[in-house]
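Chemist: If you scroll down you'll find the structure; I have some questions about it.
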Amino acid sequence: LQRVIVPKHSNQIRLSACAAVDCCAVLSCFACRWILCVCVCVSLIVPQPPTITHQSPKDYIVDPRENIVIHCEAKGKPHPSFSWTRNGMHLDIDKDPKVLMKPHSGTLVMDIGGGERAEAYEGVYQCSAHNELGTAVSNSIIIRQSRSPLWSKERISPIIAQKGQSLILHCRPPAGLPPPIIFWMDNNFQRLPQSRRVSQALNGDLYFSNVQPEDSRSDYICYARFPHTQTIQQKQPISVRVLDMDSLNDTLADYFNDTDLFSDKPTEERAPVFMVPSESVSSKMVLRGEVLEMECVADGLPTPAVSWVKHNGEIPSGRASFLNFNKTLRITDVSEVDAGEYRCIAKNRHGSAQHTIRVTVNAAPYWISAPRNLVLAPKEMGIITCRAAGHPKPSIRWLVNGLPIEDAPEDPSRSVEGDTLIFSEVQTGSSAVYQCNASNQYGYLLSNAFVNVLAEPPRVLTLPNIVYQVIMNKPALLECVTFGSPVPTITWFKDSRSSMLEGNAYVFHENGTLEIHMSHPSNSGKYTCVARNSLGLSENHVYLEVKEPTRILRPPEYRVVQRNRDVVFECKAKHDPSLVPTMTWLKDDRELPDDERFRVDSDSLTITDVTESDAGRYTCIMNTTLDQDSASAQLTVVGECLCATPSQPGVPTDLELTDQEARSIQLTWIPGDEHNSPIKKFLIQYEDALHQSGVWHNLTEVPGTKTTAHLKLSPYVHYSFRVLALNEVGFSRPSMPSRQYRTSPAAPDENPTEVKGHGTEHNNLVITWKPLTPLQANGPGLQYKVMWRQQDMEKDWTSVSVANVSKFVVSGTPTFVPYEVSVQAVNDYGPGPKPSAVIGYSGEDFPSAAPGDVRVLVLNSTLAEVRWSPVSPESVRGRLQGYKVQISSRHFSLPGSGYIPSAPSFFKVSTFDLDSLMLEWGPPYERNGRLTGYTFKYQTGEETCPFTLGTLTALPANKRDSSFTLHNLPHSTRYKFYISARTQRGAGPTLTEEAVTVLDRGTKILIQDVGLSMVSPQVDIATQGWFIGLMSAIALLILILLIICFIKRNKGGKYPVKEKEDAHGDPEIQPMKEDDITFGEYSDEDHKPLKGSRTPSSGTVKRDGSDDSLVDYGDSGDTEFNEDGSFIGQYSGRSDRDARHDSSKPLSPVNAMNSFV
C-alpha cells in the first residue's frame, strides 16, 4: 500500500500518471470522499521513451570553493542512459578523473577540492538521456565561476563643500559575477542614515540634494558584498567637510571689525535640477516578467519632493512600489501594458523639474502551449503543438531525438506545419522524442515531448469489489481507472449487463468515474465498468450502499438552574442501523472539563452540583463514519432565588474600535444587565453615512457569551456601529453609535450578477444585468464594461463602458446567433475581477420556410393523421417552439357548404420603373379552406378631362405567386386594381389600389389571338419634322378643348358623357353573381372612381380621335383560375369588335404581364 494524492477528476491515466509513485500504476482510492487516498500499485510494465525530470538552471554560477554539480535526471522504460556535450563537443567523462557521473543518473560531479580551478570547467553543457525508443535532451547549461575582484587602490582627497550645495560620493565597485550588493557604512559598521535629502542611487553612489553642516565626517565608506562567495570588500573612507560661509564671515568680521572677509556668497535657495538622469529624456528596455527600476535624484534647496506619473495610463498599484524616499519606482512582473512614458517630477517652493523615461517592453520566448507527450495506437493519428510568444516573435525549430528534424531519418507518418507536428497512420516502431526550440534574441525555450506508439488491450486498474458507502441525497463517485492503447471507452452497468446506464441522473467523467448526483436507496447495488478498445475489453465490479442520514430528533434545550442543583441535557438522534454512532459533548466548543460531575450517557449529559463556572453553551455531536449532526443549548446558573421576572437586557455600552485595517476592524463592547434572562446573542448593525445616512443595516451576529467581534468591511464606506442584545424577552435598545470609521476606496470585488443576453429585434442583442449596490461599488466612478463576441466566430471581444444603466443594446447583429457576454465592474480605482461569460442569443426573426411534404392520412370518420417534413434549423431563425397546424374541412354533402377566405393580408402597387408597375400581395389571414387562387380585376383611366374609367378586366395569377410586374405600359394612364382570394366556395372580400404610368417608351403592343402581347421596337419618329408639326397642332387643339371644357363646366352645362351616365347605371356598383366568382360585394371606399374622373355609362370608353381602348385588350367577363393557378379564360373566344383592334391601342395589364421577361 502506498499513500498518494490523486486528482478526483484527473484525465485518463496513461504513462505519465504512473510516475506519481515508484511502482508502475495507480489504482482507485478506497475513500473517494478525500483527496488523500490510499492506493494500490500493480505491475504494469510498458515501454516509455525518456523524459527529463530534473536539470540545472540555464545560467549556473558556481562557487569556486565547492564542487560543481550539474543535475540531469530522467525516467523511461527501459531506464535511459546518459551522455554529455561541452561547448558542442562530446564530453568523455572517463578521460578526466575529477569528473564523475552518479549511478543510474546523468548528474555530473566535478571535484575541484584538490587544487583544480573552477575556470577550467566553464562552458556550455547539455545532457542527453536515451533508450531504445528515443532521446531526450536538457537545456544548454552555461557554467560560470562566481568572481569577487578586489577594489583597485586609489587615493581619495578630502571633499570640502559649501552648505546648501549638491554632492555626489562615487562608489564605483569592482565588477563581480554576479554583481555585488552595495551599502554605505561608517567605521563602526553602522549604516549611514539616509533621507529624502541623502540617499543611495541604484548604481551605489551616495547623492546629497544639498549638504548641511551635520554631513561633515571622515568615514563615508562604500561596502560591496558578493553573495556567492559571501565576501565583503570596502572602499577607502571618504572625508567630507561642509563649510557654513555665513557663520564664518560673522566670526571673522567680529574679530577683525570687518563686514565680509570672504568674497564667496552663501548658497542661495534654488529650484530643482535632476542629478540623475542628467538629460531631459531617457529610455529604458526591460524584458517581460522581469523587474523594472527607474530612478530620479534631484538637486535643490530646499530638498525637492519627487513624484511619478505615467503618460496616458496608470501605474499598476498591485505591482508597483516607490522606494528610496520616492526617488525609485519599482514594477515587478513587467508585462506589455507597462510600456510607455513615465514622468518623474521634482518640486520645491521655487519651482519644479521633470524627466521623461520611455520604457520599452520586449519579451524572451514564453509558452502559450508547450508540447505534450502523445501515446498512440498503430494506425491512429495525433498532433503535437508548440506555441510560444515573445517580442520579437520567436522562431520555432523542431528536433527529433536531439537532431534537427530535417537531418533525421524520413518518417512518412510525420509532417511539419510550422508550430505543429502531425502524425497519421503511425506504425509500431515510430516512437521518438521530439524537441521544440522557440528562440529570439533574448532567450530560448526547449521542451521535450515523446510519441509512444503502443498496442495495449484495456486494463482496469481500480481494485475489484470495492464497496462505496454514501449518505442519501449526497453525490456518489464510483471510479474506474483504466489503461490501454488505443484509449479505452468506458461504459457502466448496474446489477447486470443487460442495459447500459444513461440519462440525466448520471455524469460520466472523462477519467471513467461514474457520478450519481443524488443518491437514493434504489441506487444501491452492484456496478460494472467495462473498458473496451480495438484489442479487447476488461471489466471490474464495485458496490454502492446508500445509507440513511444521521439526524438529531430531540436536541438539548435551554436550561436555567440554581447553583448546587443537577441539570440534564437530552440529545436523541437517529442514524442508519448499519453505521456505528458516537456521541460527543462540547462546552463552549471545547472538550468537557475533566470532572466527575459531568456524566455522558448514550443520549444525555448530566451535570451534578452545578456551579457558576458550569454556565455556557453545550453542544452534542452525533458522529458516524459517513456523516454527523449537532445541536446546542445554553446553561444559565442563578442564585437561590428565581422569583424575579425577566425583562429585556440592558443596553451595551463602551463601544471601541481596534485593529483597524483596510477591510476589517475589531469591535468590543460591555454588555448590559441580563435582567434575569441570559443573553442569547448580540446583533451588530452599521450605518453608512456616505451612501445611506440614517439607515441601519444588520451586519452580523455573535453568541451572547462574546463581547468582541471581528468585522469584515467593504471599501469606500463611512461606518458607524451599534450593538443590540437579545434574551428570551426580546432585544435591548440599541447602544450609542461608535465613532465613525472610513474605509478607503478600492477596485470592485465583484461584478454584476444575473447577466443575460437576448434579442428584442431580429438584428440586435440586449445585454442586461443586476447593477451593484453603492456598498458593492467600492469606490466612486462606478461604470460597467460590457463585453461581447460571437461564439466560435470572433476571437476578440468588443467592449463599451456605460454608467447608471443596467442594459446595453448591440445593434446590427446577425439573426439568432450565440454570443458570449460578460459585464465587468470598473470604478476610478480599477476594474473588478475578470468576469465569467454567459451565452446569449441575438434576436429572432420569422421562419424563412414552411414545412414541406405535408400529408394527411384519414384514419376514420373522426380522426386524421397529419405528417410533414421538418424545416431546416437554418430557416427557423430562432428557437423552434413548435408547428402550427391549421385545418380546414370540406363538406360535399350540401351544395353551398364551406366558407370564402378573408381579404388578402395586404395589397400594394408600386412603380417598378418609369413604364412598369409591380403588384404585391399577401395570403389571407383566414383561408377557410384550400386556396385555389386569386381574382384580379383592373380598370384604366386616361389623364384627360374629364377623367374616365374603363370596364373591369381580369388578370391571371397563380395561387403560389405573391407578386408580378407589368412592363411596357403606356404613359399618362391611370390604373385601378382589384384583388380577392378565392376558394372552391367563392371569392372573398376585395382590396383596391391605384397607380399611374408617366412615360411613353415609344413601343407598340402587338395583340395576338390568345390575348398575349409582344413588344415590337419602332422607328423613333420623334425626330421627324412632320411629327413635330403634327404634335404641335394636336397640343394646340387640346388646349382649346380644355378651355372650352372649363368654361362649360363653370356654367354647369351637361356634356354627352354625363348624359350617358344618367341614362345608364354605373357598372361598378352593380352586384356581381356569386357563381361568376366576381367582385359582387365591396365597400364604397374601395370602388370609388379615380380621383377627378367620372364613371362611363357603357362597358368601354374610347379616347377622342383614337380607337385605342385599353379595356378591349382584356376579357370584359369574369376570369377563372384552375386550382393550380393557371388562367382558364386566356384562350376563350373574342368578339368581332375585339378582333378589329390593332396594336396602336393602350397596353392592358393582362398583355403587359404576359410580355414581361
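Chemist: Give me the one-decimal nm value for the distance between modelled label points at GLN230 and ILE160, 7 Å along each residue's Cα-to-Cβ direction.
Modeler: 4.6
Chemist: I need the peptides 573-582, 72-81 ranked by packing, meaning the mean over residues of other C-beta atoms within 10 angstrom, with the highest value on top.
Modeler: 72-81, 573-582
Chemist: A further question on this structure: Keeping all protein chains in position, work out how much accessible area PHE189 exposes to a 1.4 Å probe, and write it in Å² to the nearest 10.
Modeler: Its accessible surface works out to 130 Å², give or take rounding.
Chemist: Further question: Put a dot 7 Å past each Cα toward the Cβ at ALA120 and SER352; how far apart are the dots in nm?
Modeler: Placing both labels 7 Å along Cα→Cβ, they lie 6.4 nm apart.
Chemist: Run the paramagnetic zone check for LEU537: 7 angstrom along Cα to Cβ, then residues of the stretch 484-521 with backbone nitrogen under 15 Å.
Modeler: 488-501, by backbone N distance to the label point.
Chemist: By accessible area of protein heavy atoms, probe 1.4 Å, what ranking do MET275, MET89 get, highest first?
Modeler: Greatest to least solvent exposure: MET89, MET275.
Chemist: Measure off, as a whole percent, the carbon and sulfur share of the 1.4 Å-probe accessible area of the stretch 313-429, all protein chains present.
Modeler: Its accessible area is 50 percent carbon and sulfur atoms.
Chemist: Considering only protein heavy atoms and a probe of 1.4 Å, how much of the accessible area of the stretch 763-861 is carbon and sulfur, as a whole percent?
Modeler: That share works out to 53 percent.
Chemist: If amide hydrogens are placed 1.01 Å from N in the peptide plane, which non-local residues have theirs closer than 5 Å to the one on VAL276?
Modeler: VAL297
Chemist: With a 1.4 Å probe and every protein chain left in place, tell me how much accessible area ARG288 has, in Å² to the nearest 10.
Modeler: Taking all protein chains as shown, ARG288 has close to 100 Å².
Chemist: Which residue, TYR366, THR332, GLY390, has the largest displacement toward the positive end of the dipole of the stretch 305-404 when charges sit on each Cβ (Lys, Arg +1; Asp, Glu -1)?
Modeler: THR332
Chemist: While we're on this one: In square angstrom, what is the accessible area per residue of the stretch 280-372 with a 1.4 angstrom probe?
Modeler: 48
Chemist: Another question about this same structure. Please turn the phi angles of the stretch 420-435 into ³J(HN,Hα) values with the Karplus equation 6.51 cos²θ - 1.76 cosθ + 1.60 (θ = phi - 60°), one per residue in order, whole Hz, x for glycine and proline.
Modeler: With the stated coefficients, the stretch 420-435 comes to 10, 9, 10, 10, 9, 6, 5, 10, 4, x, 8, 5, 6, 10, 10, 10 Hz.
Chemist: List residues of the stretch 450-490, by number, whose backbone nitrogen lies under 13 Å from a label position 7 Å along Cα→C-beta of ARG551.
Modeler: The answer is 472-473, whose backbone nitrogens lie closer than 13 Å to the label point.
Chemist: Provide the gained length on full extension for the span MET472 to ILE887, in nm with one decimal, where the gain is 0.36 nm per separating residue minus the Cα-Cα distance.
Modeler: Stretched fully, the MET472-ILE887 segment lengthens by 144.2 nm.
Chemist: While we're on this one: How would you classify the stretch 132-211 from its alpha-carbon gyration tensor, with a ≥ b ≥ c the square roots of the eigenvalues: rounded for a/c under 1.5, else prolate if a/b is greater than b/c, otherwise oblate?
Modeler: prolate
Chemist: Then there is this: CYS1045: accessible area at probe 1.4 Å, nearest 10 Å²?
Modeler: Roughly 40 Å² of CYS1045 is accessible to a 1.4 Å probe.
Chemist: A further question follows. Expressed as a whole percent, how much of the Cα-Cα distance distribution for the stretch 581-663 exceeds 20 Å?
Modeler: Everything past 20 Å amounts to 55 percent.
Chemist: Count charges around HIS350 for me, please; just the other residues with Cβ under 10 Å from its Cβ, Lys/Arg as +1, Asp/Glu as -1.
Modeler: Neighbour charge sum, excluding HIS350 itself: +1.
Chemist: Place +1 on the Cβ of every Lys and Arg and -1 on the Cβ of every Asp and Glu in the stretch 314-465, take the dipole about the Cα centre, and give the residue among HIS355, THR428, ILE315 whose Cα lies farthest towards its positive end.
Modeler: In the stretch 314-465, that residue is HIS355.
Chemist: Given a Förster distance of 60 angstrom, what is the FRET efficiency for ALA370 paired with SER905, based on the Cβ-Cβ distance and rounded to 0.05?
Modeler: The formula returns an efficiency of 0.45 here.
Chemist: For SER335 and ARG733, FRET efficiency with R0 = 45 Å and r from the beta-carbon atoms, rounded to 0.05?
Modeler: Using R0 = 45 Å, I get an efficiency of 0.20.
Chemist: Roughly what would the spin-label model give for THR798 and TYR442, points 7 Å off Cα along C-beta, in nm?
Modeler: 3.4
Chemist: Related question: For the stretch 505-511, in order, what is each residue's ³J(HN,Hα) by Karplus, 6.51 cos²θ - 1.76 cosθ + 1.60 with θ = phi - 60°, in whole Hz (x at glycine and Pro)?
Modeler: These are the phi-based 3J(HN,Hα) values: 6, 10, 10, 9, 7, 5, 7 Hz.
Chemist: Given a Förster radius of 51 Å and the C-beta distance between ARG191 and TYR60 as r, what FRET efficiency does 1/(1 + (r/R0)^6) yield to the nearest 0.05?
Modeler: 0.95
Chemist: Okay, next question. Answer with one residue from PRO703, THR753, PRO734: the one whose Cα lies farthest towards the positive end of the charge dipole of the stretch 670-813, charges on Cβ with Lys, Arg +1 and Asp, Glu -1.
Modeler: PRO734
Chemist: If DNA, RNA and ligands are ignored and the probe is 1.4 Å, what is the ranking of LEU553, LEU859 by accessible area, most exposed first?
Modeler: Highest to lowest solvent-accessible surface, that is LEU553, LEU859.
Chemist: Provide the net charge surrounding VAL805, with neighbours chosen by a C-beta distance below 14 Å and charges set as Lys +1, Arg +1, Asp -1, Glu -1.
Modeler: Every neighbour counted, the sum reads +3.
Chemist: Output wanted: per-residue J couplings in Hz (rounded whole) for the stretch 166-182, from phi through Karplus 6.51 cos²θ - 1.76 cosθ + 1.60, θ = phi - 60°, x for Gly and Pro.
Modeler: Once θ is set to phi - 60°, the couplings for the stretch 166-182 become 7, 8, 10, 9, 7, 9, 6, x, x, 6, x, 10, x, x, x, 9, 9 Hz.
The values are calculated or read from the model by the stated rules, or taken from the named source; none is laboratory data. Everything numeric here is computed off the predicted structure, so don't read it as measured data. Reconstructed Cβ throughout: ideal geometry from the backbone, glycine too, with neighbour counts over all protein chains shown. Note: accessible area is taken over every heavy atom of the protein model, side chains too, but ligands, DNA and RNA are not part of it. Shrake-Rupley method; radii C 1.70, N 1.55, O 1.52, S 1.80 Å.
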